[in-house]
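Before any comments, here is the structure.
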Amino acid sequence: MVAPGSRVLDVGCGDGLLLEMLARNRQVDGRGVELSQRGVNDCVAKGLPVIQGDADTDLADYPKDSFDYVILSQTLQATQRPRVVLEHMLRIGRRAIVSFPNFGHWRVRMQLLLRGRMPRATNLQYSWYETPNIHLCTIKDFVDLAEEAGAVIERGMALDRAGAPFRVAAPLAMMNLFGAQAIFLLKRGRDLRG
């Protein structure tokens, strides 16, 4: 989803694996923002330009159109104010790419229904009391959030637990039920351009 040679900001970049891959495979001019000091240290050790910062507060400091793409990979559900974060992403980048675990997946639903416990899976490995996931959402929830934030969805796809995309296009209800994760490419709507 990222065009070669683009300017990219990876928010919540963790250890920098995605930034490193984009620099190598897409020759992007990449920057990162990471909350944890350990993640920042890992990135800097790899020679990646990453600063310590918080998506909930620090994105407001970036000027409009600073980047071609702003990426939030597996981090949206850990933010305090997902809508505000998404609005800032769309302001500072020409496009936003957001991926997240889908809490509407059938396995999550079954764990709650049959076991009566919060789910734990490959992409949801924390216990309920120590999880960084504070805003659980489904694919349908995200589509609504994108619309409320004034975003236009250019592309969206459901992914399996390993991160591979579904091979066939599916309606939203099927994506929501069978997608363990999702990824969306967004652009600003008309009301965010001003």
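For region 80-126, give me each residue that is assigned to a helix (DSSP H, G or I), touching a Pro at 6+ places or on another chain (Cβ under 9 Å), aliphatic (A, V, I, L, M) and over 17 Å from Asp10 (Cα atoms).
Scanning region 80-126 gives Val108, Met110, Leu112.
Kindly list the number of the only condition in (1) surrounded by fewer than 20 Cβ atoms within 10 Å (Cβ to Cβ); (2) at pLDDT below 95 that fails for Asp68.
All conditions pass for Asp68, except number (2).
So which residues in region 5-20 are open to solvent by 40 Å² or more (accessible area, probe 1.4 Å) and on the phi > 0 side of the Ramachandran plot, if there are any at all?
Gly5
Is it the case that some residue within region 17-25 is at pLDDT 95 or above and not in a helix (DSSP H, G or I)?
Checking region 17-25: not a single residue is at pLDDT 95 or above and not in a helix (DSSP H, G or I).
If Met175 satisfies all but one of (1) open to solvent by less than 60 Å² (accessible area, probe 1.4 Å); (2) closer than 15 Å to Arg107 by Cβ; (3) at pLDDT below 90, what's the number of the condition it fails?
Of the numbered conditions (1) open to solvent by less than 60 Å² (accessible area, probe 1.4 Å); (2) closer than 15 Å to Arg107 by Cβ; (3) at pLDDT below 90, the odd one out for Met175 is (3).
May I ask you to list pairs of residues, at least six apart or on different chains, whose Cβ atoms are under 9 Å apart, with the first in region 142-158 being at positive phi and open to solvent by 60 Å² or more (accessible area, probe 1.4 Å) and the second being modelled with pLDDT under 95 and of a type in the set (Lys, Arg)?
Close Cβ pairs (under 9 Å, with a partner that is modelled with pLDDT under 95 and of a type in the set (Lys, Arg)) do not exist here.
Condition check ((1) in contact (Cβ under 8 Å) with a residue 40 or more places away in the chain; (2) within 18 Å of the chain's Cα centre (by Cα); (3) open to solvent by 10 Å² or more (accessible area, probe 1.4 Å)) across all residues:
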{"position": "Ala3", "(1), (2), (3)": "yes, yes, yes"}
{"position": "Arg31", "(1), (2), (3)": "no, yes, yes"}
{"position": "Gln37", "(1), (2), (3)": "no, no, yes"}
{"position": "Leu48", "(1), (2), (3)": "no, no, yes"}
{"position": "Thr75", "(1), (2), (3)": "yes, yes, yes"}
{"position": "Gln80", "(1), (2), (3)": "yes, yes, yes"}
{"position": "Arg107", "(1), (2), (3)": "yes, no, yes"}
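Please go through (1) at pLDDT 95 or above; (2) crowded, with 19+ Cβ neighbours inside 10 Å; (3) within 14 Å of the chain's Cα centre (by Cα) for Asn102 and return the number of the only condition it doesn't satisfy.
Failing condition for Asn102: (1).
Could you identify the single residue in Asp42, Asp15 that is touching a Gly at 6+ places or on another chain (Cβ under 7 Å) and within 25 Å of Ala158 (Cα to Cα)?
Within the list Asp42, Asp15, the selection yields Asp15.
Name the single residue, out of those in region 56-72 being β-branched (Val, Ile, Thr) and in a strand (DSSP E or B), that is farthest from Ile134 (Cα to Cα).
Among those that are β-branched (Val, Ile, Thr) and in a strand (DSSP E or B), it is Val70.
How many of the residues making up region 146-172 are charged (D, E, K, R) and modelled with pLDDT of 90 or more?
Of the residues in that region, 4 qualify.
The values are calculated or read from the model by the stated rules, or taken from the named source; none is laboratory data. Fair warning: this is a prediction, and the values are worked out from it, not measured in the lab. Cβ coordinates were reconstructed from backbone atoms using ideal geometry, including for glycine residues, and neighbour counts include every protein chain displayed. Heads up: the accessible areas ignore ligands, DNA and RNA and are worked out on the full protein's heavy atoms, side chains in. Shrake-Rupley method; radii C 1.70, N 1.55, O 1.52, S 1.80 Å.
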